[in-house]
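The values are calculated or read from the model by the stated rules, or taken from the named source; none is laboratory data. Because the structure is a prediction, the values reported are computed rather than measured. Counting neighbours? That spans all protein chains shown, and the Cβs are built from the backbone with ideal geometry, glycine included.
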Amino acid sequence: MFNMEIEVKSQNDDELVLIIRDAEIPFVNAIRRSAMMSVPKIAIEDVNIIRNDSSMFNEVLAHRLGLTPLVSSLKHVEGMALADECDCNDFCPKCGVAFSLNAVGPKEVYSKDLISSDSKIKPVYDTIPLVKLKEGEELKIEAVAKLGLGKDHAKWMPTTVCAYKQYPEITFNENVEIDYDCADACPRGILKGDRRSKKIKILDIEDCSMCKSCVRASVNNYINVGYQENNFIFKIETDGSMTPKEVLLKACDELGEKSDKFIKFSEGGNK
Ligand code: SF4
């Protein structure tokens, strides 16, 4: 019987780190997959390049535009429909946002030069370089951003990192002589040998990558590194299009909806 507990290790606008205790791998992995694949986000999907005098190929430019993060927080995309669920023919304000880009060189074209038809949906960062124009070169583009899911294309994935690791566990063999070499071998500076107190201190166990460099460095097997089976460190980092907290909430909602469908189906089948 699992009695899961969750603690926030750190949180800011781009990164959220949780300590999850007493859970199972399939559950934590389901949250991870839902965050990456099932949280809707806006990204440029259709690009009409009317003029491109730059040395960059049209395909590369379109790819760069697609990967430019656009503000997609839940309050901004509320009421919008996924492109393939909208009943319009091409795009409408319900499923898409139009962008235009007009520039003449000499100029470094940045994401801030993308002009949105909706003041709320715009590039997250102003300073993403898109292309360089030489004297007299011209760029004229029309584009449409649509709501999509990470399972269809990485540009619709709000997460740049979404991963977990089992909670590291470091133990020392008290039956052999203390081996300070293992502390010196740690590339992350997690272990600190204190020759006065004849101890090796663990400074931040949660930063341990379980690389086992310390274990390999110890000739007398003084140190051992393992992990706790049902405790996890879970990290979500986003591209700024939405906060990690929003991603996590939406991921849980999506998972909950799928579970509800399954429950309803099972109940119906039992009648
Ligand atoms: S497993 Fe790697 S990161 Fe962890 S304490 Fe050992 S050397 Fe350092």
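On the basis of being touching a Pro at 6+ places or on another chain (Cβ under 8 Å) and more than 16 Å from the ligand (Cβ to nearest atom), does Leu130 make the cut?
no
Considering only the stretch 72-80, I want to know if a residue exists there that is touching a residue at least 24 places away in the same chain (Cβ under 8 Å) and over 15 Å from Trp156 (Cα atoms).
Checked against the condition, which is being touching a residue at least 24 places away in the same chain (Cβ under 8 Å) and over 15 Å from Trp156 (Cα atoms), the stretch 72-80 yields at least one hit.
Got a sec? Which of Asn3, Asn89 is in contact with an Asp or Glu (Cβ under 9 Å, 6 or more places away or on another chain), assigned to a loop (DSSP other than H, G, I, E, B) and free of Cβ contacts under 8 Å to residues at least 24 places away in the same chain?
Asn3
State all residues of the stretch 214-230 that are within 11 Å of the ligand (Cβ to nearest atom) and farther than 30 Å from Ile25 by Cα; if no residue qualifies, say none.
Within the stretch 214-230, Ala217, Ser218 meet the criteria.
Conditions: (1) of a type in the set (D, E, K, R); (2) surrounded by 13 or more Cβ atoms within 10 Å (Cβ to Cβ); (3) within 16 Å of the ligand (Cβ to nearest atom); (4) outside any loop (DSSP other than H, G, I, E, B). Lys155 meets all but one. Number of the miss?
So Lys155 meets the others, but not (3).
Considering only the stretch 230-258, how many residues are of a type in the set (Ser, Thr, Tyr) and under 16 Å from Val17 (Cα atoms)?
So the answer is 2.
Among the residues of the stretch 203-236, write down those that are within 30 Å of Leu67 (Cα to Cα) and surrounded by 18 or more Cβ atoms within 10 Å (Cβ to Cβ).
Within the stretch 203-236, Ile233, Phe234, Lys235, Ile236 qualify.
Regarding the stretch 198-213, can at least one residue be identified that is in contact with a Cys (Cβ under 7 Å, 6 or more places away or on another chain), within 16 Å of the ligand (Cβ to nearest atom) and outside any strand (DSSP E or B)?
Looking for residues that are in contact with a Cys (Cβ under 7 Å, 6 or more places away or on another chain), within 16 Å of the ligand (Cβ to nearest atom) and outside any strand (DSSP E or B), one finds at least one in the stretch 198-213, hence yes.
Okay, residues lined up against (1) over 30 Å from Glu254 (Cα atoms); (2) among the acidic types (Asp, Glu); (3) part of a strand (DSSP E or B):
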{"position": "Lys146", "(1), (2), (3)": "no, no, yes"}
{"position": "Lys151", "(1), (2), (3)": "no, no, no"}
{"position": "Cys162", "(1), (2), (3)": "no, no, yes"}
{"position": "Asn175", "(1), (2), (3)": "yes, no, no"}
{"position": "Pro187", "(1), (2), (3)": "yes, no, no"}
{"position": "Asn221", "(1), (2), (3)": "yes, no, no"}
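Within the stretch 35-62, how many residues are assigned to a helix (DSSP H, G or I), of a type outside the set (Gly, Ala, Ser) and surrounded by 14 or more Cβ atoms within 10 Å (Cβ to Cβ)?
3
From the list Lys245, Lys235, Lys250, which residue is among the basic types (Lys, Arg), modelled with pLDDT of 90 or more and outside any helix (DSSP H, G or I)?
On inspection, the qualifying residue turns out to be Lys235.
Only residues that are closer than 14 Å to Ser111 by Cα and either modelled with pLDDT under 95 or not in a strand (DSSP E or B) (or both): list them for the stretch 127-144, please.
Listed by number, the residues that qualify are Thr127, Ile128.
Here are some residues: Ser111, Ser117, Ser72. Which one is in contact with a strand residue (DSSP E or B) (Cβ under 8 Å, 6 or more places away or on another chain) and surrounded by fewer than 17 Cβ atoms within 10 Å (Cβ to Cβ)?
Being in contact with a strand residue (DSSP E or B) (Cβ under 8 Å, 6 or more places away or on another chain) and surrounded by fewer than 17 Cβ atoms within 10 Å (Cβ to Cβ) holds for just one of Ser111, Ser117, Ser72, which is Ser117.
Given the residues Gly96, Gly66, which is the only one that is surrounded by 18 or more Cβ atoms within 10 Å (Cβ to Cβ) and modelled with pLDDT of 95 or more?
Gly66
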